1. Sorting check: for 34-46, 232-244, which peptide has the highest mean count of neighbouring beta carbons within 10 Å, and how do the rest follow?
2. Taking 8 Å as the Cα distance limit and 6 or more residues as the minimum spacing, I'd like the relative contact order of segment 266-424 as a percentage.
3. If you consider only alpha-carbon coordinates, what radius of gyration and Dmax does segment 219-408 have, in Å?
4. Using a 10 Å cut-off on Cβ atoms, rank the peptides 365-374, 348-357 from the highest mean neighbour count down.
5. Can you give the Kirkwood hydrodynamic radius for segment 293-333, in Å, rounded to one decimal and based on Cα pairs?
6. Quick check on packing: order 291-298, 135-142, 113-120 by the mean number of other C-beta atoms within 10 Å, highest mean leading.
7. On a 0 to 90° scale, report how tilted helix 230-242 is relative to the longest principal axis of the chain, with both axes built from alpha carbons and the result rounded to the nearest 10.
8. Please state the Cα pair-distance histogram of segment 10-157 with 5 angstrom bins from zero: what percent is in each bin?
Ligand SMILES: Cc1cc2nc3c(=O)[nH]c(=O)nc-3n(C[C@H](O)[C@H](O)[C@H](O)COP(=O)(O)OP(=O)(O)OC[C@H]3O[C@@H](n4cnc5c(N)ncnc54)[C@H](O)[C@@H]3O)c2cc1C
């Protein structure tokens, strides 16, 4: 049910924001979806905020008229987080893109929410520091905080939950709260930084984030090896972790993913299950760690171990991995992405992927599988033709069984993409009604009129 926007609201919005607000159909359409199959639900207005004061003014106006607000970063989320299910205002944060401080001695920075991951690392390049969380897409920091994003380097550096030190956020009544501190640790009260990290725009609008930074490693070696089957690849990962090999990235692509990547990226990687690895450290340490990894992988019948410290070659390899999603989409002309996201204890990963592959075979499908396997997280990359109800129902059935499989071994329905609208029912199964009731109580306390991204998570 869409909220009907009062004429007085629109008039006051135009007075406040002038050309920075738009009800143009294509702008609204662009802000009514992310990167997924979920149906577009455009907001009534799009407002491009440029400062925290703008956000406060907008929130107070929306609160006065009871108008929903959906914060918008780069629009790369995949669980229907951006759909304006009840109409309202999309709060475009892309112009709040200032890097406010880089504190080299404290390995930290303070940024506005519209700063993108690539922009931040470009800015940091002369400091010898970098921000490591890499979800593949060039997402904004605000969106990455709000979805609790992680990615290929999480095994070494952690995801957003581990790398956000403090936040500023505007609440439903226009109050600005500060969470966390400049210190690396604190026991002062409830952990509101973690509460906002993963809140998907449902609790407030993030206006500032203090992030941890890391020294750019002196040496980086990338490697890859192919395996006779996924099980042996994953068993290698478990051995590598248990042996304490210092991995900075370890990613799995199965044979279907490699085939799609080869077609899309014009590469010639052998089309069998492959681990892509990276090691960070001193020149001697990375070579030692890579050698240990090679020996362990070869104990599991890995073949074709290839390692390189050449920049171009490393870029080519990770470009292929980061394009796996678009490669999978391209397998079905005009296909839309439908991505699963379970995460399980690493010791159960081989069984979980093996059973999922058997399920796909029974359904007669060849769906690419990619995984941040060091974290126990993997994705099936479905590409569905718009309007193909049978294919959608089949993907939903497979995902339902996949999530049941993950839950049965103590895992989760989402390792990194969030709940949005796509996984609301699974959240209740996973956490139980009592836990979801606590989440709802928090939501009601902070946003009593349910104006922040209504219809998402709980
Ligand atoms: C090819 C591809 C690969 C991907 N790989 C990964 C991956 O490996 N790991 C991973 O974690 N994700 C991955 N994703 C998903 C996506 O990149 C993340 O969800 C990303 O963190 C979203 O950031 P964004 O700036 O695009 O936010 P948006 O999509 O614009 O918004 C996402 C959510 O954040 C909220 N939000 C945005 N800004 C704010 C703010 N200032 N305050 C409060 N809430 C806000 C929105 O309301 C929404 O609920 C991938 C996506 C694609 C397309």
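1. Working: 34-46: 21.2, 232-244: 19.5.
Ranking, from highest mean packing down: 34-46, 232-244.
2. 24 percent
3. 16.6, 55
4. Working: 365-374: 22.6, 348-357: 20.0.
Ranking the peptides 365-374, 348-357 by packing returns 365-374, 348-357.
5. About 12.4 Å, per the Kirkwood formula over Cα pairs.
6. Highest to lowest by the protection proxy: 135-142, 113-120, 291-298.
7. Value to nearest ten degrees: 80.
8. Using 5 Å bins, I get a P(r) of 2, 9, 18, 20, 18, 13, 10, 7, 3, 1, 0 for segment 10-157.
Just so you know, all these numbers are worked out from the coordinates, no wet-lab data involved. Every value quoted in this text rests on a predicted model; they were computed, and no experiment measured them. Glycine gets a Cβ as well: all are built from the backbone with ideal geometry, and neighbour counts include every protein chain shown.
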